Amino acid sequence: MTGPTYDVSRSPVPVDGCEACREFDARRHAARAVFDHSAVSDANVRMRAHLRQEHGG
C-alpha cells in the first residue's frame, strides 16, 4: 500500500476560477478564524478529494 503523493502537512491549493474550490477555501478560512481545527481538517480533506476527482490532482 502506498501513501498519498502530496504533503498532508500543507493545505491544498484551490484552482483559480473553480467555484467548489473557492467554497472549500472559504470554509477553511472561516474555520481558522474561530480556531476550529477539526473543521479546517474537514475542509482540507474535502478539497483534496475534489481536486483529485475534478482536477486530476
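Points to keep in mind about this one:
- Only the Cβ atoms of Lys and Arg (+1) and of Asp and Glu (-1) were treated as charged; on that basis the dipole of the chain about its Cα centre amounts to roughly 120 debye.
- With contributions of -39500 (n - 2.57) from each DSSP H run of at least four residues, the per-residue ellipticity at 222 nm computed over the chain stands at -20000 deg cm²/dmol.
- Across the accessible surface of the chain, with the other protein chains kept in place and a 1.4 Å probe, carbon and sulfur atoms take up 53 percent.
- Residues of the chain: accessible area per residue with a 1.4 Å probe, Å²: 75 Å²
- Prolate/oblate/rounded call for the chain, Cα gyration tensor, a/c under 1.5 rounded: oblate
The values are calculated or read from the model by the stated rules, or taken from the named source; none is laboratory data. None of the values given here were measured: they were computed from a predicted structure. Methodologically, a virtual Cβ is constructed for each residue, glycine included, from the backbone with ideal geometry; neighbour enumeration extends over all protein chains shown. Just the protein is used for accessible areas: all its heavy atoms, side chains included, with ligands, DNA and RNA removed. Shrake-Rupley method; radii C 1.70, N 1.55, O 1.52, S 1.80 Å.
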